[in-house]
Structures are given as C-alpha cells and as structure tokens.
Amino acid sequence: MRYVPRLVDQELSDRLQSSSAVLVEGPRACGKTSTATQQAQSRVYLDIDTNARLALSIDPTLVLQGETPRLIDEWQIVPEIWDHIRRASDQRQSKGNFILTGSAVPADDIVRHSGAGRVSRLQMRTMSLFEQSHSNGAVKLSELLEGRRVSAPDSGLELHDIIELICRGGWPATLRDDLGNAIQFVRDYIDEISRTDIHSVNGVRHDPIRVLRLLQSLARNTTTVVSTATLTRDVAEVANSTTDRTVAAYLDALRRLFVVEELRSFVPHLRSRSRLRNTPKQHFTDPSIAVAALRANPRQLLADLSFLGLLFESIVVRDLRCYARGLDADLCHYRDNTGLEVDAIVQSANGTWIPIEVKLGNSESVIDEASTTLLKFKERVDLEKMGEPANLVVVTSSGYAYRRDDGVSVVPIGALGP
C-alpha cells in the first residue's frame, strides 16, 4: 500500500536531529509503524518477532544493534527495553539512534527511570481530514493564530459527506475501503479493546461486557463533561456490582491505550465574577469509535442531528489537535458557572490564542448564535493579562470561509488545515 504522508513526518525528522531516541505514541492502527518505517534504517517488530523477544531476555544489546535510526516497534510488549535504550543512548552520545512506537503505556509507567534528554515523545493520532485530502487546507490554523483574515470558496463537503467521514474515521487501513468495511473495522477494533487490550495495560481481570458498556456510555456523552458517577450508573445497568473505582480503572486503561483523550479546561484571567468549571471533557481519539460503540450507521445519525452535532464537534477537535501539534500549541475548552461554554481554545506556546465554536450547519441563525457566544466570552476575559485573541472562529460543516462584520471568522471544516 502506498504511504500517505502524515503531518508528523517532518516533526519526527526534526526530533531525530535533536534526540537520541523518539517515542511515537498513539492508538493502535493510527499509522505509527508506517510513519516510523519511512525514516528507519533497520527495524524489529516485538509484537510478532519471538526471536527478538527471546534475545531480549538473554542479551538485550543484540536487539538494539542495527543501522540507525533503528525502529523498535510496539516496545511496550517488553517494557524492560526502555532502560537498555536509555543506557545505549548514554553510551553512544549521538542523535537519531532509535525510533520506538507504542500503542499503550505500560501499567508500571516507563518513566520510573527518566528518559529526559534521551527520549523525545511524539504523540500521533488518526488521520485528519487534511491528511485524507477531504480538506483543501485553504484556511490554515497557523494563519488564524497570526490573526490573518480568512477567505475561501465553498469546500464542497455536504452533510452526507460529513456523516460518512465521521463513521469511517481517520484509520489509514480503511482509506480506500467502502464504507461498510470501514465501519466493521472500527467495530472489530472496539471489540478487541473490550476483550483483551485493557487487560494488557493494567493487568487486572476485566469484564468485556462492562468495558463495552462503558464505551457506549462514553459515546453517548462524547464531547461533554460527564462524571464518573454517571458512567458507573450506565455500566451498572448491565452489571450491578460495578463501582466508581472499577469504572475509574477502566477509564485509566482506555487513556493508556490512547482510545479516550481528555480535553482539559482553559484557565484564563477573567474580569467578571464568573467561576470556572475545571472538569475536562471526554473525547474519543477518533469519532468513529463512538459510532462503532453504539453500532450506529449513517441513516441513524441523520435521524439524530443533536447527537450528530456532538460527533461533528469531536471530529473538529481531532483535526485541531492534529494541526496544533506541529504549531507547538495546546487545546482546551471553556465552561463557567453561568453556562457559558466555548468548544475549543487553541493556545500557542508564545501565548497567542483563539477561541473556537463548532456548529453543524452554516445557516445565518446558527452562526449568529455561535458568534454571540464568542463575543460574550471575549468580554469576560481580562485582555490586559491574556492579550487579544488573534481570531474568533466558528467552524462549520460546510459553506464558505469569510470574516463577518463583527470580526468573527467562519471556517468550514473542509477548508481547515495546519
């Protein structure tokens, strides 16, 4: 299969120039191995190479020998290799020796012996719409952070396209598959998570039915602030003995597997008396996981536009995270005690920031509502301390990119890029 370039390609190359080893982490099947293989000069696959695992138990240095950068794929299967890579990095005193890929963080936590100064972490996600060529990238996140004025023709995406892209997800293996096969791929993915993957990261016995029920509850509450107690009640409907502690352990495992990713709360300086709500939102690493967990299909999503709106927010957040990664920027959300919420805030390392509202549809009334929210939020922020936002942005599912008279920029997801 022909390799499709990824946004992290250049970043991986840069990290290899500055660190002895680069750890590429992310959900299984997001393309880590393929991406790493493009730059590796030798490789070992610990998930399928039994001889390599045996060699590690006898003389670990044998597995580390080879042309550099040397790819150690699915390193977490033998987590003891971490210390040997750390030691080899110290001995070699050179850059670009190893690329490690991992689909899970081991339960005993690899940083028990620090990799600081030796191992650079690079998080990888499923493919954004720009990487899939479903976004033309006419409006760049980097330019929005610079305060530039936006303008772009209709990106061409329609509602049925958005629904298919949500159901399909950003999995490289299904890029050229028909929609039915792509949906089945993700269903099989979550079945595997429920049956075996959670045990692999926390080593604790688990009930696949409880795990699947938790995934379904998270799917129904995707992109929202949901309590552990609420999730526990949902799971308890199929398993009475479920406790908050059990659900918390499962959630921790799902995060270690890069299946669930929290969107933390934005903490700005406020000039109002509003009180912040600091609870993170729960997102799946890819919106297709929510669809698969509920065994939903495009027809059902079209009949439930409210839920579809949550899924659309999820796919926008996924893409924003992919684009922000290479800009040294972070993603948050805002929520206060008055009920004011902003779906996403992108903040760069130099302090530049933009608030973003996400709306399914592009009607005048929908955009007016989102713009009012952004302007109200701006009024509450102490701009003397935070600085003016570089842009106020509404991301829509379709239409043109333009700036309104009130200063709010409207950007369809099919035009959004890095």
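The values are calculated or read from the model by the stated rules, or taken from the named source; none is laboratory data. Bear in mind the structure is a predicted one, so any value in this text is a computation, not a measurement. Cβ atoms come from the backbone with ideal geometry, glycine included; neighbour counts cover every protein chain shown. Accessible surface is based on the protein model in full, side chains and every heavy atom, while ligands, DNA and RNA are left aside. Shrake-Rupley method; radii C 1.70, N 1.55, O 1.52, S 1.80 Å.
With Cβ to Cβ distances under 11 Å as the rule, what net charge do the other residues near residue 31 carry (K, R +1; D, E -1)?
+2
Run through the DSSP bridge list for region 306-394 and note the antiparallel percent, rounded to the nearest 5.
85
If I compute solvent accessible area with a 1.4 Å probe over the protein chains, what percent of it on the chain is carbon and sulfur?
Answer for the chain is 46 percent, counting heavy atoms of protein chains only.
Taking H as built 1.01 Å from N, whose amide H comes closer than 5 Å to the amide H of residue 392, not counting residues under 5 places away?
Hits under the 5 Å cutoff: 409.
In whole Å and largest first, what semi-axes does the C-alpha gyration tensor of region 48-165 yield when each eigenvalue is scaled by 5 and square-rooted?
Semi-axis lengths for region 48-165 are 41, 18, 13 Å.
Once the Cα gyration tensor of the chain is diagonalised, what are the square roots of 5 times its eigenvalues, in whole Å and ordered largest first, as equivalent ellipsoid semi-axes?
One finds semi-axes of 36, 26, 22 Å for the chain.
So if I place +1 on the C-beta of Lys and Arg and -1 on the C-beta of Asp and Glu, and nothing else carries charge, what would the dipole magnitude of the chain be about its Cα centre? I want it in debye, nearest 20.
Result for the chain is approximately 680 debye, rounded to the nearest 20.
Beta carbons within 10 angstrom, averaged per residue: use that to sort the peptides 406-412, 83-89, highest first.
With the highest mean Cβ count within 10 Å placed first, the list reads 406-412, 83-89.
Within region 30-68, name every residue whose backbone N is under 20 Å away from a label modeled 7 Å from Cα of residue 14 along the Cβ vector.
Once the point is set 7 Å along Cα→Cβ of residue 14, 32, 35-40 turn out to lie under 20 Å by backbone N, inside region 30-68.
Suppose a student asked you for the relative contact order of the chain, using Cα pairs under 8 Å spaced at least 6 residues apart; what percent would you report?
19
Of all the Cα-Cα pairs you can form in region 281-349, what percent are over 19 Å apart?
Value for region 281-349: 43 percent of Cα pairs lie more than 19 Å apart.
If Lys and Arg each add +1 and Asp and Glu each add -1, what is the summed charge of the other residues whose beta carbon sits under 13 Å from the beta carbon of residue 230?
Details: positive: 213, 220, 233; negative: 234, 237, 244.
Net charge in that neighbourhood comes out at 0.
Once you sort the root eigenvalues of the Cα gyration tensor of region 252-312 as a ≥ b ≥ c, which label holds: rounded (a/c under 1.5), prolate (a/b larger than b/c) or oblate (the other case)?
Numbers: a/c = 4.23, a/b = 1.61, b/c = 2.62.
Since a/c reaches 1.5 but b/c is at least a/b, the shape of region 252-312 is classed as oblate.
Which number gives the lysine pairs in the chain that have C-alpha atoms under 19 Å apart and are eight or more places apart or on different chains?
5
How much accessible area per residue does region 179-260 have, in Å², with a 1.4 Å probe?
Dividing the accessible area of region 179-260 by its residue count gives 45 Å².
Provide the percentage of antiparallel DSSP beta bridges, counting only those with both residues in the chain; round to the nearest 5.
About 40 percent, rounded to the nearest 5.
Say each of residue 388 and residue 224 gets a label point 7 Å from the Cα, pointing the same way as Cα to Cβ; how far apart are those two points in nm?
With each label point 7 Å from Cα toward Cβ, the separation is 3.8 nm.
What percent of all Cα-Cα pairs in region 359-418 falls in each 10 Å bin, counting up from 0?
22, 50, 24, 3
Could you work out the local net charge near residue 284, counting Lys and Arg as +1, Asp and Glu as -1, over the other residues with Cβ closer than 9 Å to its Cβ?
-1
What list of ³J(HN,Hα) couplings, whole Hz, do you get for region 404-415 from phi and the Karplus terms 6.51, -1.76, 1.60, once you set θ to phi - 60° and write x for glycine and proline?
6, 5, 7, x, 7, 8, 10, 9, x, 4, x, 10
Taking amide hydrogens as modeled 1.01 Å from N in the peptide plane, which residues meet the under 5 Å criterion relative to residue 401, leaving out close sequence neighbours?
152
What whole-number value in cubic angstrom gives the convex hull volume per residue for the C-alpha atoms of region 141-195?
Value for region 141-195: 134 Å³ per residue.
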